[in-house]
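Structure record follows, encoded as structure tokens.
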Amino acid sequence: MGVPRAHSTRGQKGRRRSHLAMKPMVFSKCSHCGKPQMPHLACKFCGYYGGKEVVNVLARELKRKEKHHGKK
Ligand SMILES: [Zn+2]
């Protein structure tokens, strides 16, 4: 680990950390089902993006269940 060369003041730390705050998550509404959805990603609930179905949600759910069938 590096050794600090000089003492950094409270003000310096504050100025550096002024950019570290977390921003609230941004959601947009799905154009197909109206549920809150992350922008630039296909909808989690219906698999639509840009007015088209890009992910078959039912098939994915079935696959997931199959995968976890043997476990637990
Ligand atoms: Zn949707």
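The values are calculated or read from the model by the stated rules, or taken from the named source; none is laboratory data. Just so we're clear, the structure is a prediction, and the values are computed from it rather than from any experiment. All Cβ positions, glycine included, derive from the backbone under ideal geometry; neighbour counts span all protein chains shown. Quick note on the areas: whole protein, heavy atoms, side chains included, nothing else; ligands and nucleic acids left out. Shrake-Rupley method; radii C 1.70, N 1.55, O 1.52, S 1.80 Å.
Would you check which residues across segment 36-53 are open to solvent by 90 Å² or more (accessible area, probe 1.4 Å) and either near the ligand (Cβ under 10 Å from one of its atoms) or touching a Phe, Trp or Tyr at 6+ places or on another chain (Cβ under 7 Å) (or both) and list them?
From segment 36-53, those open to solvent by 90 Å² or more (accessible area, probe 1.4 Å) are 40-41, 44-45, 49, 52-53; that's our starting set.
If the condition is that a residue be open to solvent by 90 Å² or more (accessible area, probe 1.4 Å) and either near the ligand (Cβ under 10 Å from one of its atoms) or touching a Phe, Trp or Tyr at 6+ places or on another chain (Cβ under 7 Å) (or both), then Lys44, Phe45, Tyr49, Glu53 are the ones that fit.
For His7, indicate whether it is surrounded by fewer than 10 Cβ atoms within 10 Å (Cβ to Cβ), within 18 Å of the chain's Cα centre (by Cα), more than 11 Å from the ligand (Cβ to nearest atom) and assigned to a loop (DSSP other than H, G, I, E, B). Talk me through it step by step, then tell me what you get.
Numbers: surrounded by fewer than 10 Cβ atoms within 10 Å (Cβ to Cβ): yes; within 18 Å of the chain's Cα centre (by Cα): no; more than 11 Å from the ligand (Cβ to nearest atom): yes; assigned to a loop (DSSP other than H, G, I, E, B): yes.
It is false that His7 is surrounded by fewer than 10 Cβ atoms within 10 Å (Cβ to Cβ), within 18 Å of the chain's Cα centre (by Cα), more than 11 Å from the ligand (Cβ to nearest atom) and assigned to a loop (DSSP other than H, G, I, E, B).
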Among the residues listed as Leu58, Leu20, the single one being open to solvent by 80 Å² or more (accessible area, probe 1.4 Å), more than 16 Å from the ligand (Cβ to nearest atom) and free of Cβ contacts under 8 Å to residues at least 24 places away in the same chain: Leu20
Residue in segment 35-43 that is charged (D, E, K, R) and not in a strand (DSSP E or B) present: yes
